[in-house]
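What follows is one structure encoded as C-alpha cells, with my remarks underneath.
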Amino acid sequence: MTKKIPLLIDTDPGVDDALALLMAFNDDRHDVVGLTIAAGNVGLRHTVRNALKLCEVAGRDDVPVFAGTPEPLLHPAPDAGYVHGQDGFGDIGYPPPARSAETEHAALAILRLSHEHAGRLLLVALGPLTNIALALKLDPTLPQRVARFVVMGGAVTGHGNITPAAEFNFYFDPEAAHLVFQAFGRIDLADWEATIAHGLHHERVAEWLRADSPRARFYAGISEKTRLWSIDRRGDHWYAADAVAMAFALAPEGALEVAERPVAIELQGAHTRGASVVDWRRESGRPDSAHILLKYDQDRFEGLIRAALAAG
Ligand code: BDR
Ligand code: CA
C-alpha cells in the first residue's frame, strides 16, 4: 500500500470550509495531520470552536487543531458573518465541543509539520493567508518543504465577491496574500470565479443533505441559513468555494483546464485593494506563480461532496 499524503489545512470555518473539511476527512489517499485556524469568515474564537466541533461530529478528534492569528497582519477587516451566521456555523446553537485547541500557535505548527513531512506535505489554505504569512516571516524556507500548495482565493478576471474587484480571503488580509505569493514559486489557485463556474444546484444539495448520517444532519443544520441567503441573492445555484479548492487539492486529476500565469496582489487602490492581478498576457516578465483552476470535472466534484456527507 502506498503511504497516504500528509494534508495540513489552514481554514476559517465557515460553512464552505466545513464542507471542504468533511471532504478531506473522507479521502483515503490523504491523512489530515492538522487544522490551523485563521480569523476571517468570523472571529478566531468562533472559527476555532467550529473546527473543533466539526472534528467531533466527523469522529476525527484525533486531528489536532491549532489557533492562529486573531487579526490580519496590518489592517482590521470586516468579517462575513452576514453570509455564514454570526458564529460562522449558521447560529444553530450547537452544544460546545468537548475538546480544546492545542497550545502551540498555528504558525509554529505549520513550520513543525512542514519539517515532519518535508517534501511530501500538501498544504491547503481555505481562509485569509495570515497564519501562512506569519510562518513565512518566522522561517522563509517553508516553501522548500511543501510538496504542493493549494489556495482558495482571488478573482482572476476581477469579478470579486466582497468588492467589485476582490475576493474575500485576499481582501481580508491582502498583505498576507502578497507575502505568500512572493514566497511560493508555485501556488495551485482555486479562485472565486472557478467557484462560480462550478455551482451546485440547490435542489441537488438539499437531496444530498437528506442522507442518513450524522455529518449530513449537522451540515444541513449549519448550512441552512447561508443556503437561504444564497437562494435569495444568487439564484438557483449554491457556491461552495472551499469545496472546489478541496476537490482540486484531493483529486487534481479532475482538473480539466488550468492556466499558468504570474499573479500579484494589489495592496493599495481606491477600488482594487486585495485584488489578484493576473498577468494574462505575460507582459511583466515575471515567472508564472500560479496554476489557476479554470475547469474541473463537475461530476467528480459533486461525487466527492456526496460521499463526504453520507460518510459513516
Ligand atoms: C471564501 O471566503 C469565505 O467566505 C469562504 O469561506 C471562502 O473561503 C470565498 O471568497
Ligand atoms: Ca474559508
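Ranked highest first by average number of other Cβ atoms within 10 Å, how do 222-229, 294-301 line up?
Per-residue Cβ counts within 10 Å, averaged per peptide and sorted highest first, yield 222-229, 294-301.
Grab the beta carbon distance between GLN86 and HIS271, set R0 = 30 Å, and tell me the FRET efficiency rounded to 0.05.
0.60
For the chain, what class follows from the C-alpha gyration tensor (a ≥ b ≥ c being the square roots of its eigenvalues): rounded when a/c is under 1.5, otherwise prolate if a/b is larger than b/c, else oblate?
rounded
What is the packing order of peptides 278-288, 230-240, 145-155, taking the mean over residues of other C-beta atoms within 10 Å and listing the highest first?
The densest-packed peptide leads the list: 145-155, 230-240, 278-288.
Apply the Karplus parameterisation 6.51 cos²θ - 1.76 cosθ + 1.60, with θ equal to phi minus 60°, to every residue of segment 275-283 and state each ³J(HN,Hα) to the nearest whole Hz, in sequence, with x for glycine and proline.
With the stated coefficients, segment 275-283 comes to 6, 9, 9, 9, 8, 4, 9, 6, 8 Hz.
Arranged from highest to lowest average of other beta-carbon atoms within 10 Å per residue, in what order do the peptides 245-253, 178-186 appear?
Result, highest mean first: 245-253, 178-186.
Using alpha carbons only, how many angstrom separate the centre of segment 160-198 from the centre of segment 220-270?
Spelled out, the Cα-based centre of one part sits 11 Å from the other.
Mean-square fluctuation check for the chain, GNM, Cα pairs under 10 Å: which of HIS115, HIS46, HIS291 is largest?
HIS115
What value, in deg cm²/dmol to 500, does the helix sum -39500 (n - 2.57) over DSSP H runs of n ≥ 4 give at 222 nm once divided by the residues of the chain?
-11500 deg cm²/dmol
Can you find, among GLY93, GLY303, HIS117, the residue farthest towards the positive end of the dipole of the chain? Put +1 on the C-beta of Lys and Arg, -1 on that of Asp and Glu.
The one lying farthest along the dipole's positive direction is HIS117.
Could you list which residues have their amide H under 5 Å from that of LEU294, counting only those 5 or more apart in sequence or on another chain, with H placed in the peptide plane?
Those lying under 5 Å, H to H, from LEU294 are GLU257, VAL258, ALA259.
Out of the DSSP beta bridges found with both residues in the chain, what percent are antiparallel (nearest 5)?
Roughly 30 percent of the beta bridges in the chain run antiparallel, per DSSP.
By its C-alpha gyration tensor, with a ≥ b ≥ c as the square roots of the eigenvalues, how is segment 217-257 shaped: rounded for a/c under 1.5, else prolate for a/b larger than b/c, else oblate?
Oblate is the answer for segment 217-257, as a/c is 1.5 or above yet b/c matches or exceeds a/b.
Taking the Cβ-Cβ separation of HIS115 and ARG286 as r and a Förster radius of 35 Å, what is the calculated FRET efficiency to the nearest 0.05?
The value I calculate is 0.75.
Rounded to the nearest 0.05, what FRET efficiency do ASP61 and ALA310 give with R0 = 22 Å and r taken as the Cβ-Cβ distance? Could you check?
0.60
Only the coordinates and a few stated rules stand behind these numbers; no lab work does. Bear in mind the structure is a predicted one, so any value in this text is a computation, not a measurement. We place every Cβ from the backbone using ideal geometry, glycine too, and count neighbours over all the protein chains shown.
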